[in-house]
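Just so it is clear, none of the values below were taken in a lab; they were calculated from the coordinates. All values reported here derive from a predicted model rather than from experimental measurement. Note that we place each Cβ from the backbone using ideal geometry, even for glycine, and neighbour counts take in every protein chain shown.
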Amino acid sequence: MTITNIIALIVAIITCFWGYKLNKGLIAIFGLIIGFALGTEYLPNFITNQTIVYIVSAVIGIAVGLISYNLYLVGIFFLCAIAVFVLCENLGLAENLQTIIGLVAGIISGILGVKFTRPIMIIATSLSGASILTDTAFQMLNFQNNTLSFVISIVLAILGMVYQFNQKESD
């Protein structure tokens, strides 16, 4: 059990059950993660020094996080899109097919998230939090069962949705 796993579990629980309440902060965090991940994925094609790649990726991550926070609807789009993409990683399909389904479903979710912010944010944060929670727990236990993982993710997501929808919007 690493500190990263523990942090992932805590963030996943918070996202699943309080995602809508904390959406601006989550949007900034997801923007930072997306920017950093894109930097570390593509910058090595242009920069050979790994330290510089990480520094530039961190700057990109911070910039995308700030942009996402300040451009709220852009942030909503990114949060919903990445949340659904993460959920699709549990489908147990061939990697390329799973990625295509995740991208298409993520883009659709992002567009719908902008149109129907509160309900879509609750659904997206519950789904992604539950998925990350289940994935992390299964990894920590060295347990691989895509069907069970998917079922547990859905059950946790439903619990998260019920809890969030029952909270007053102003709480």
Restrict the search to region 4-55; then list the chymotrypsin sites (Phe, Trp or Tyr not before Pro) that DSSP places in a loop and that have at most 10 other Cβ atoms within 10 Å of their Cβ.
46
Between 161, 140, 121, which gets the highest mean-square fluctuation from a Gaussian network model of the chain, Cα cutoff 10 Å?
140
Order of 89, 95 under a 10 Å beta carbon neighbour criterion, fewest first:
95, 89
Connecting every pair of Cα atoms under 10 Å apart in the chain and solving the GNM, the largest mean-square fluctuation among 109, 126, 57 falls on 57
By how many nm would the segment from residue 137 to residue 45 grow when fully extended, if each residue of separation counts as 0.36 nm and the alpha-carbon distance is taken off?
29.8 nm
How about region 88-171: which chymotrypsin sites (Phe, Trp or Tyr not before Pro) there lie in a loop by DSSP and see at most 16 other Cβ atoms within 10 Å?
116, 143
Kirkwood Rh over alpha-carbon pairs of region 1-133, then Stokes-Einstein at 20 °C and 1.002 mPa s: what D in µm² s⁻¹, rounded to an integer?
141 µm²/s
Which one, 139, 50, 98, has the greatest fluctuation when you compute a Gaussian network model over the chain with C-alpha springs under 10 angstrom?
50
